[in-house]
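Q: If you scroll down you'll find the structure; I have some questions about it.
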Amino acid sequence: MARPIIVTGGAGFIGRNTVAELNARGEEELILVDELGTDEKWKNLVGLRYEDIVSPEEFLGLIEEGAYSNARSVIHLGACSSTTERDAGFLLRNNYQYTRVLCNWALSNEIRLVYASSAATYGDGSHGYDDSDATTGLLQPLNMYGYSKHMFDLWALKHGLYMAGPGRTHDNGTGNIVGLKYFNVYGPHEDHKGDMRSVISKSYRQIREDGVVRLFKSYRPEYKDGEQMRDFIYVKDAVDVTLYFALQPADAPGGLFNCGSGRARTWVDLARAVFDAMGTSPRIEFIEMAQALQGKYQYFTQADDRRLRAAGYTRPFTSLEDGVREYISGYYLPQEP
């Protein structure tokens, strides 16, 4: 019997694209873990091929009973990704404690684990965007979402779970895990995320409705309005990095790696790319940022990808303009009447 690959958050944004790519590579023995709820997220499952889908709670019960102990790998993408979520207890349980349980189970069964961390762990970027172990302990996330991800990174670092070396044994099992600090990921099948979807998706809707893209004003003098910078990564690239590590053996080298393009671009660059992809002249307006967000806003992010490249990942990342053009022309425009 084929050994399954488990994808948590399998109906979510990055998860759905990961499953689609696994299907494209001939993988169909997939166990998806997700809570579909009452929104339209279920539509992301249409067209995918997988063995089963179970809820997060059901999955924990199944693995306690010995299910899936022969899995090849676990791609753990399931989490609350809202940077404005205020229920700290919920984030603690969902993003940190659940990941610990899953990690211990994977290691005890010698199963490869790749999990989603986040660039939100870097906070305001005052310590840079170097994903080295020495830097990790200095970071100060700006919101509870970022901190919930940071907590697990620190726990894994404390217990030596990223250490390289075939057959390395830890207190809680054998193998090494991989954490990926995803930067600003954008691309198809993010619509269900509502306000947490990318500004590219929001901009497309704004242009269709009234021909204008609205961006936040800057509240720091060193950045003009719209000149705040982020590292935008196309979801196809994020998936490729994820599978590069997830399909390696359990005892392959692990680590905590940035998953970003390595190039910061402005919000104005992004808006112009969307207008260009839609064949429309740019019209950009700048709006006030909510007071509650002003002290928790990242003005600059840029992945340092040296450790990712040193780990053997060599593929180039898609430019912002090419990614936006493919996203708009291949996903949104075909849906129009």
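The values are calculated or read from the model by the stated rules, or taken from the named source; none is laboratory data. Please read these numbers as outputs of a predicted model, since none were measured by experiment. As a convention, Cβ positions derive from the backbone with ideal geometry for all residues, glycine included, and neighbour counts pool all protein chains shown.
Q: For the stretch 277-303, give me the residue count where each residue is over 26 Å from the mean Cα position of the chain (by Cα) and assigned to a helix (DSSP H, G or I).
A: 1
Q: Which of (1) touching a Lys or Arg at 6+ places or on another chain (Cβ under 6 Å); (2) surrounded by 15 or more Cβ atoms within 10 Å (Cβ to Cβ); (3) assigned to a loop (DSSP other than H, G, I, E, B) does Asn44 not meet, given it meets every other one?
A: Tallying (1) touching a Lys or Arg at 6+ places or on another chain (Cβ under 6 Å); (2) surrounded by 15 or more Cβ atoms within 10 Å (Cβ to Cβ); (3) assigned to a loop (DSSP other than H, G, I, E, B), Asn44 fails exactly one: (3).
Q: Right, here's the next one. Name the one entry in Leu308, Leu256, Leu333 that is in contact with a Cys (Cβ under 9 Å, 6 or more places away or on another chain) and either without any contact (Cβ under 8 Å) to a residue 24 or more places away in the chain or not in a loop (DSSP other than H, G, I, E, B) (or both).
A: Sole residue among the options that is in contact with a Cys (Cβ under 9 Å, 6 or more places away or on another chain) and either without any contact (Cβ under 8 Å) to a residue 24 or more places away in the chain or not in a loop (DSSP other than H, G, I, E, B) (or both): Leu308.
Q: Here's another thing I want to ask about it. Any residue in the stretch 225-248 that is part of a loop (DSSP other than H, G, I, E, B) and either among the hydroxyl-bearing types (Ser, Thr, Tyr) or closer than 22 Å to Lys149 by Cα (or both)?
A: Taking every residue of the stretch 225-248 in turn, none turns out to be part of a loop (DSSP other than H, G, I, E, B) and either among the hydroxyl-bearing types (Ser, Thr, Tyr) or closer than 22 Å to Lys149 by Cα (or both).
Q: Considering only residues of the stretch 67-80 that are of a type outside the set (A, V, I, L, M) and at pLDDT 95 or above, which is farthest from Tyr145 (Cα to Cα)?
A: Ranking the candidates gives Asn70 first.
Q: Further question: Let me confirm something: among Ile63, Ile53, which residue is touching a Phe, Trp or Tyr at 6+ places or on another chain (Cβ under 6 Å) and without any contact (Cβ under 8 Å) to a residue 60 or more places away in the chain?
A: Ile63
Q: Could you please let me know if Val274 is at pLDDT 95 or above and surrounded by fewer than 23 Cβ atoms within 10 Å (Cβ to Cβ)?
A: Considered against the rule, which asks whether it is at pLDDT 95 or above and surrounded by fewer than 23 Cβ atoms within 10 Å (Cβ to Cβ), Val274 comes out as no.
Q: Name the one entry in Leu22, Leu32, Leu62 that is surrounded by 16 or more Cβ atoms within 10 Å (Cβ to Cβ) and assigned to a helix (DSSP H, G or I).
A: Leu22
Q: Can you say whether Tyr50 is among the aromatic types (Phe, Trp, Tyr), modelled with pLDDT of 95 or more and either in a helix (DSSP H, G or I) or closer than 21 Å to Gln248 by Cβ (or both), as far as the supplied structure shows?
A: no
Q: If you don't mind, there's one more thing I want to ask. Here is a list of conditions, (1) within 20 Å of the chain's Cα centre (by Cα); (2) under 15 Å from Gly179 (Cα atoms); (3) of a type in the set (A, V, I, L, M, F, W, C), and Met163 meets all of them except one; can you say which number that is?
A: (1)
Q: Among the residues that make up the stretch 87-103, is at least one of them in contact with a Phe, Trp or Tyr (Cβ under 9 Å, 6 or more places away or on another chain) and charged (D, E, K, R)?
A: Within the stretch 87-103 (the criterion being in contact with a Phe, Trp or Tyr (Cβ under 9 Å, 6 or more places away or on another chain) and charged (D, E, K, R)), the answer is yes, since at least one residue qualifies.
Q: Look through the stretch 223-252, keep the residues that are among the aliphatic types (A, V, I, L, M) and more than 15 Å from the chain's Cα centre (by Cα), and return whichever of them is surrounded by the most Cβ atoms within 10 Å (Cβ to Cβ).
A: The selected residue is Ala250.
Q: Are there any pairs, at least 6 apart or on different chains, whose C-beta atoms fall under 8 Å, with the first in the stretch 25-38 and at pLDDT below 95 and the second assigned to a loop (DSSP other than H, G, I, E, B) and of a type in the set (S, T, N, Q), and if so, which?
A: Every condition considered, the pairs that remain are Glu35/Ser55.
Q: May I pose another question? Search the stretch 278-337 for residues being closer than 23 Å to Gly262 by Cβ and among the basic types (Lys, Arg), and hand back the single one that is surrounded by the fewest Cβ atoms within 10 Å (Cβ to Cβ).
A: Going through the qualifying residues, I end up with Arg315.
Q: Would you point out the residue of the stretch 81-114, among those that are modelled with pLDDT of 85 or more and in a loop (DSSP other than H, G, I, E, B), that is surrounded by the fewest Cβ atoms within 10 Å (Cβ to Cβ)?
A: Glu110
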